1. Which value, in debye to the nearest 20, gives the size of the charge dipole of the range B:93-353 about its Cα centre, when Lys and Arg are +1 and Asp and Glu are -1 at the Cβ?
2. For the protein assembly as shown, give me the percentage of DSSP beta bridges that are antiparallel, rounded to the nearest 5 percent.
3. Report the charge-dipole magnitude of the range B:1-64 in Debye, nearest 20, computed about the Cα centre from +1 at each Lys and Arg Cβ and -1 at each Asp and Glu Cβ.
4. How much FRET efficiency would the formula 1/(1 + (r/R0)^6) give for A:ARG306 and B:ARG209, where r is the Cβ-Cβ distance and R0 is 45 Å, rounded to 0.05?
5. Putting +1 on Lys and Arg Cβ atoms and -1 on Asp and Glu Cβ atoms, find which of B:VAL115, B:ILE339, A:GLY289 reaches farthest to the positive end of the dipole of the protein assembly as shown.
6. Express as a percent, rounded to the nearest 5, the fraction of DSSP beta bridges in chain B (both residues included) that run antiparallel.
7. Modelled label-to-label distance, B:ARG182 and A:HIS315, 7 Å Cα→beta-carbon offset: nm?
8. Describe numerically, in nm with one decimal, the distance between label points set 7 Å from Cα along Cα→Cβ at B:ASN163 and at A:ALA156.
Amino acid sequence: MTTIEKNSVGLIFEHSKRGRRGYRLPALDVPETDALPASLMRSEIADEVEVSEVDVIRHFTRLSKLNVSIDAGLYPLGSCTMKHNPRLNEEIARTPGFALSHPLQPDHQVQGNLSLLWHIEQTLMEIFGMPRVTLQPVAGAHGELTGILMVHKALAKSGNARKYILIPDSAHGTNPASAAFAGYQIKELKSNSRGTVDIDTLAAAVTEDVAALMITVPNTLGVFESDIKRFADILHEKGAYLYCDGANLNSFVGIARPGDMGIDVIHSNLHKTFSTPHGGGGPGAGPVGVSKKLVPFLPTPTVERREDGTFYLDHSHPDSIGRVRAFNGNFNVLVRALTYMRSMGPDGLRRIAQIAVLNANYIRARLRGSYHLPYDAPSLHEVVFSDKLQTAKDVHTLDIAKRLMDYGFHPPTIYFPLIVAGALMIEPTESEPKEELDAFCDAMIAIARECEERPELVRSAPHTTPVRRLDEARAARQPILRWKR
Amino acid sequence: MPLPDPLTDQHRYISNASQDVQEMLETIGVDSIDRLFETIPDDVKLKELLDIPGPWSEIESRRWFRALASTNKTAVDHLSFLGGGSYLHYQPACIDQLLLRAEFLTSYTPYQPEVSQGTLQSIFEYQTHQCLLTGLDVANASLYDGSTGLCEAVLLAERVVRNRKKVVIAKSVHPQYTETVRTYIQNLGYEIVEVGWTDDGRIDTAALREACTNEVFAVAVQSPNFLGVIEDYDAVAEIANAAGAVKIAVIAEATSLGILTPPGEHGFDIAVGEGQAWGIPTQYGGPFVGFMVVKDALKRHMPGRLVGETVDVDGRRAYVLTLATREQHIRRGKATSNICTNEALIALAANIYLSLMGKAGLREVGQQCVQKAAYLRNKLHNTASIELPFDGPVYNEFVVRTPFPAAQILADLEHEKILGGIPLGQFYDGHDNDFLVAVTELHTREHLDQFVSALTSAVSS
């Protein structure tokens, strides 16, 4: 991020001038009739835009230059896995046979699509070490809801859906939200001094009322729950389930498999581990793998292969939780993810985890000393520092994050996980070359020095971005949520 | 396959090679990458490589995926009349070109507004388009799609009304949307009451009146509905108002908003729907983009992200995610929704489409859809053995009935390289001879005539 423009891009609505056009349609070639009564038709859409194609291209190109992106450099948002997005994936997703296929076409017309869905399910089954995977969920949180609904249904079928989901205090906010919408109350588990869950804490919490433990592996500190198999045993003994938030799968893909750890349900964010572009906040995909006892409860339809090698959508699952979205999931995100899995292959997938963990530990080693490390346990793909050393000079995490922008880097995730005061959560991914990691670490170390020597410079950052710090309180107090003339 | 040595195995998407790895290990102070994984117990570690294909070169990938895509029978080489919540409209060339700009494609959720103004401003513009089109006050940054959008609308309505247990959903709402709502609410203690249609294909208002007891917290209708018929918003609103229920309008064909009176003008509280028709490929159902627009009074109950305008310390206008105390990362188990990742890039595509087409284009697309559908209906109306069972007003989609099973007729059309419609029998009992036909501005008069003659010969053979 070197050349970023000052924000002088007006709203598209402000570029509008009467009579401008950005399109042309073929002339209407059927006789015009009074097909609809006037009462059903609206008058002109007041204030809608009138601009030319040139205006549109200029506007959005200028807007784009106000963003930083992974293509421009390190984007170390912790738990977001901002990795390189291969352009082959984009090309393949645009293959007309995929892009122009329609979601309600009968199976015989879309054998290519069904085959692709079958192949990605097979691949994820092998990666997860699980017997089935649903491809319907379109985001991580959507996968969480799907997974917990399955747990609920399975328990209800055996007589008691139970009341509680256990969630560690280090969890993503989507976990408790998803569990609540699936019909459960939340019980929070306190982390121990390593930031992980104690066997004893868990054992005491797992009563006959507990439906599942929802846990992120490795957790949001990047620390692997080494007791995970024993967690599974404790839960299974009491008839409860082990749910794994797979947001951090990038750290152990190809190294170990959730299914082998006793995990019953896992969702994976394909826009994280499997490189589909984040697109400024989506689209994603959140396939969910399940253990054998949850297979009957998978969303419908599933993709099945007949003995003759043809494929079909199977709606006949009487115990299914039902459909979690219209149509067939984010199909064209799945296309991109499968393209990536094939490009990587088994050795490439394993290497992802190895280099992602190496990169994060390299940052950890280099920044140690300059920043406080609140949890000293060995971490995998991300590392969480805090602002403890800097608060003495009244410089805080937010300031450090903003100052990083002046050095040309997107900041890490900040103030999360909640168990760390002033958290700086850094996830470099495997994509970053050593030079980029060094430049980032040099910047972080320089900022630590500035905090000592010129704290005001850091507190007033950023200085070089298109806009400087925003009045966020004003945005919330007097919300302006749309343009008006 | 045995595990490879991480120092020698290289991959084109990973920069760090053996020399970098050696240097980094030295800085870290360990002698191998494996040492970094010691917290993962040995008994769960894989002893061999995963059993999956690859690694493939681009050449091999292109070969395999293109071969797969070519086995699909699609609008690439067929004349398509498929709709049912996913429509093939004109896609301006510059949308995809702009989506491929790395700054949009490869950035993430604009948590850091100083370096994300491009995404934030675009969402603000998108929100504005949604308000103008639906006639309502506040739009969010996007939801997954129309079906999950309806789920969120139902949940929102319950939060507002409270202590009521029933939601009325017209049977002519997209059946997969209703099915999705059923899944979402299965453990929340609410009940769905479905209300059917009358001969014109519009909701049965007598049955609706009967269903709207004081137990009902929301009424949801789709317009144009799944049968293609435009609902009478005023009649529905009057009945829902009498029950004190939240009025939800579902829009599965977004281009209809270019020409039909919007739900906001009829007093609806929530407009929710599918934005795919705004220049997004049908791509087998996703990614699409859900939109939700509500009355101002409901904004603090809204699910998902909202972008608002503010100023920076120098007084410059700027945009930022706001009212975040509704959301899961703050409110956790008590959030208005669990949604985090949404469909930002598709919302950007919609914003570009809406800007390019603009005031005149949105109307012209709507106009062409209406006129071409009317032309086709008129032709079919005068054809023996072909019936148009619903005579209510339509936008660009309608039901065709013949004396034969729809699957059989559509198979005949497929033989003529026409994807003729969507059989209704898979959604509604007793409709095995019916199918849905959608027309857009992409169809020429010749296409429509071709459809009529192919269908005529199918029913007469």
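1. Value, rounded to 20: 940 debye.
2. Bridges in the protein assembly as shown that DSSP calls antiparallel: roughly 55 percent.
3. I would put it at about 380 debye.
4. 0.40
5. B:VAL115
6. 55 percent
7. It is 1.0 nm.
8. 2.6 nm
Any read-out appearing in this document is the output of simple, stated calculations on the displayed coordinates, not a laboratory observation. Keep in mind that what you see is a predicted model, and the values were worked out from it rather than measured. Glycine also receives a Cβ, built like all others from the backbone with ideal geometry; neighbour counts cover every protein chain displayed.
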